[in-house]
Amino acid sequence: MAAAVKELWPAVKLGIGPAIEEGFYYDFDKKEPFTDEDLEKIEKKMRQIIKSDLPFIKEELSREEALELFKKLKEDYKVELIDGLGEETVTVYRTGKSFTDLCRGPHVNSTGQIQAFKLLSLAGAYWHGLETNPMLQRIYGTCFETEKELARYLKNLEEAKKRDHRKLGTTLGFFDIYHEEAGAGLVFYHPHGALLRNLIEDYEKTEHLRRGYQLVITPHIMLAELWKQSGHYEYYKENMYAFKAQDQEFVLRPMNCPGHMLIYKSKSRSYRDLPLRFFELGTVYRREKAGVLHGLLRVRGFTQDDAHIFCLPQQLRQEIKSVIDFVFDMMKVFGFQDLKIELSTRPEKYIGSDQDWQMATQALEESLKEKGLTYDINEGEGAFYGPKIDIKLKDALNRPWQCATIQCDFALPKRFKLSYIDSAGKQRQPIMLHRVILGSLERFIGALLEHYNAELPLWLAPRQVVVIPVKDSVEGYAQEVKRMLQEHSMRVDIDCGSETLNKRIRNAELNKIPYVLVVGEREAESRNISVRKKSKGDLGAMAIDEFIRMVKEEIKKKVI
């Protein structure tokens with residue numbers, strides 16, 4: 001793609017062009033913006049290059065040779081990249097007569113091996129993601145081994161556009177993200193969205209209490225000294241909101257763990273008290289760059305279903321396995337059956353001893369093996385204080401969403417001098433597990449809406465039933481039906497509008513309301529209702545008591 005762009009616009013400068021999970025992108029510095037018509041031109045040129053079956057030739061250069069080459073090519077961004085690599089040798093790939101790119105590789109042998117591809121979209125991207133740097137133009141694309149696979153992917157992509165949670169959230173009155181007066185990346189939940197979130201939170205609290213967790217609540221702002229003690233100030237400061245007041249520096253919390261450790265430290269603990277499981281629906285704030293904000297998936301303020309488990313060494317694996325079971329149980333309830341597991345190991349910057357890291361990583365990995373679960377390893381992708389297990393859910397379109405995380409931490413308990421008294425009366429340090437089940441509630445709600453295309457299971461639907469009177473003369477009966485359902489805690493609306501019956505039924509379907517109850521003179525006389533169910537159509541006449549029993553059973557079983 002980059003070769004095609006350089007042929008068409010030789011003055012364009014190249015940024016970076018990595019492979020990503022679902023394809024690739026390349027950043028370009030071009031004075032005039034790319035257009036959709038330009039994408040068609042680029043695709044045409046790419047096909048010519050593929051047809052020519054040009055070889056990709058790898059060449060290893062010294063750092064000085066590479067700098068000289070890219071300075072001669074006037075590729076300023078490549079020169080900067082080479083300067084920042086700090087390596088004595090670098091590799092370049094040459095294609096055709098004139099195209100040369102800085103790349104680690106590997107590549108296919110020649111352009112002729114490239115099969116089905118498609119350029120997808122355009123976006124702006126700051127160089128290195130910094131708003132003070134030049135804005136480049138990013139072209140996204142994807143590729144597959146066969147046209148059939150590409151066609152399937154593009155079909156899913158079109159379906160994903162229809163299911164975009166940002167569109168659904170606004171259209172159906174769940175939430176909105178941006179108010180100029182408030183700033184970007186902050187979520188405003190409207191009544192339907194607030195109700196959905198409350199339903200999820202209530203269920204989570206019930207399930208946590210059932211599994212022996214204790215609810216806690218910690219402050220949203222705390223002194224900067226606390227975050228220096230935890231290591232966040234040193235390793236995470238660029239993502240934190242810090243401010244001064246009354247000659248002291250405070251931080252708007254980006255994590256919940258320091259607050260939970262202070263609660264642990266508030267009294268002496270015995271080995272008999274462990275495991276101790278603190279759970280909080282904790283709202284955190286992170287200073288995300290404007291360019292990465294994306295609906296509910298990437299915001300500056302969000303709530304995590306966060307817990308910290310303090311345990312004995314001999315309890316560690318059982319606690320990890322219990323959390324894994326908890327995740328699988330919760331995902332099943334919400335309708336996610338396909339999960340992907342990744343184990344992330346020690347990053348370049350970390351706290352704690354190598355021995356602790358080895359023990360923590362071993363505990364996580366052996367727990368996965370004992371559960372008989374398959375997993376991938378992400379080298380160097382752990383948190384700065386410990387390795388982690390990430391459990392990603394896959395939605396109806398087979399897209400992965402990061403939600404659950406289990407992190408094993410020996411370092412922070414040591415930094416905060418956490419202790420318990422063992423059976424011999426000696427002070428010992430507990431091990432701490434950081435874990436979330438659904439993760440960010442904002443991200444999970446976004447995933448939920450897209451997975452179901454906002455046609456939520458009955459127990460989660462903000463509006464479960466709408467009653468539609470056929471004419472004004474039966475409006476009183478319609479109101480009576482509504483009251484009877486509300487007495488059984490059902491979420492009911494009534495539509496007495498002036499539009500036709502068919503239009504009001506259609507409106508209910510567009511608003512994703514699971515049940516429509518139509519009442520006319522016949523229903524009023526027989527004290528019945530005519531029931532329609534979303535996606536199943538007309539269920540016929542039904543006694544009100546029968547309908548109530550049916551719906552309560554569906555809610556109780558959390559039918560998907």
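The values are calculated or read from the model by the stated rules, or taken from the named source; none is laboratory data. Model, not experiment: these values are computed from the prediction. No Cβ is skipped: glycine too gets one built from the backbone with ideal geometry, and neighbour counts run over all protein chains shown.
The single residue among 67, 136, 73, 85 that is outside the structural domain of residue 289 (by TED's automatic domain parsing), under 17 Å from residue 24 (Cα atoms) and not charged (D, E, K, R) turns out to be 136. The single residue among 418, 364, 412, 373 that is touching a residue at least 12 places away in the same chain (Cβ under 8 Å), within 24 Å of residue 276 (Cα to Cα), touching a strand residue (DSSP E or B) at 6+ places or on another chain (Cβ under 9 Å) and assigned to a loop (DSSP other than H, G, I, E, B) turns out to be 418. Scanning the range 521-543 for residues that are touching a residue at least 24 places away in the same chain (Cβ under 8 Å), surrounded by fewer than 18 Cβ atoms within 10 Å (Cβ to Cβ) and more than 37 Å from the chain's Cα centre (by Cα) returns a single hit, 521.
Checking every residue in the range 382-390 against the condition of being over 19 Å from residue 435 (Cβ atoms), out of contact with any Phe, Trp or Tyr (no Cβ under 9 Å at 6 or more places or on another chain) and in the same structural domain as residue 318 (by TED's automatic domain parsing) gives zero matches. Summed over the range 339-374, the residues that are basic (Lys, Arg) and touching a helix residue (DSSP H, G or I) at 6+ places or on another chain (Cβ under 8 Å) give a count of 3. Beta carbons closer than 9 Å, at least 6 apart along the sequence or on distinct chains, pair a first residue in the range 28-42 that is in the same structural domain as residue 118 (by TED's automatic domain parsing) with a second that is surrounded by 17 or more Cβ atoms within 10 Å (Cβ to Cβ) and hydroxyl-bearing (Ser, Thr, Tyr) for 29/77. Taking the range 1-102 and the strands (runs of 3 or more DSSP E) fully enclosed by it, the elements with 3 or more residues that are of a type in the set (Phe, Trp, Tyr) and modelled with pLDDT of 95 or more are at 23-29. Scanning the range 243-271 for residues that are small (Gly, Ala, Ser) and surrounded by 14 or more Cβ atoms within 10 Å (Cβ to Cβ) yields a total of 1.
Each row is one residue, and each column tells you yes or no for (1) of a type in the set (S, T, N, Q); (2) under 24 Å from residue 441 (Cβ atoms); (3) part of a helix (DSSP H, G or I).
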site	(1), (2), (3)
267	no, no, no
272	no, no, yes
278	no, yes, no
281	no, yes, no
324	no, yes, yes
330	no, yes, yes
335	no, yes, no
343	no, no, no
351	no, no, no
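The set of residues in the range 457-484 that are under 36 Å from the mean Cα position of the chain (by Cα) and either at pLDDT below 95 or not β-branched (Val, Ile, Thr) (or both) comprises 457, 458, 459, 460, 461, 462, 463, 464. The residues of the range 436-479 that are touching a residue at least 40 places away in the same chain (Cβ under 8 Å) and charged (D, E, K, R), listed by number, are 442, 443, 450, 455, 463, 471. Just wondering, is there one or more residues in the range 442-458 that are over 16 Å from residue 197 (Cβ atoms), in contact with a strand residue (DSSP E or B) (Cβ under 9 Å, 6 or more places away or on another chain) and β-branched (Val, Ile, Thr)? The answer is no, given that none of the residues of the range 442-458 is over 16 Å from residue 197 (Cβ atoms), in contact with a strand residue (DSSP E or B) (Cβ under 9 Å, 6 or more places away or on another chain) and β-branched (Val, Ile, Thr). Selection over the range 86-101 of residues that are closer than 14 Å to residue 17 by Cβ and either under 32 Å from the mean Cα position of the chain (by Cα) or not hydrophobic (A, V, I, L, M, F, W, C) (or both) gives a count of 4. When 461, 543, 508 are screened for being small (Gly, Ala, Ser) and more than 29 Å from residue 171 (Cβ to Cβ), only 543 passes. Restricting to the range 403-446, give me the number of residues that are more than 22 Å from residue 213 (Cβ to Cβ), at pLDDT below 95 and buried (at least 23 other Cβ atoms within 10 Å of the Cβ). The qualifying residues number 0.
Quick grid of which residues meet (1) surrounded by fewer than 18 Cβ atoms within 10 Å (Cβ to Cβ); (2) of a type outside the set (S, T, N, Q); (3) touching a residue at least 24 places away in the same chain (Cβ under 8 Å):
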| residue | (1), (2), (3) |
| --- | --- |
| 135 | yes, yes, no |
| 145 | yes, yes, yes |
| 149 | yes, yes, yes |
| 165 | no, yes, yes |
| 187 | no, yes, yes |
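Residue 19 passes every criterion in (1) surrounded by 15 or more Cβ atoms within 10 Å (Cβ to Cβ); (2) of a type in the set (A, V, I, L, M); (3) within 30 Å of residue 397 (Cα to Cα) apart from (1).
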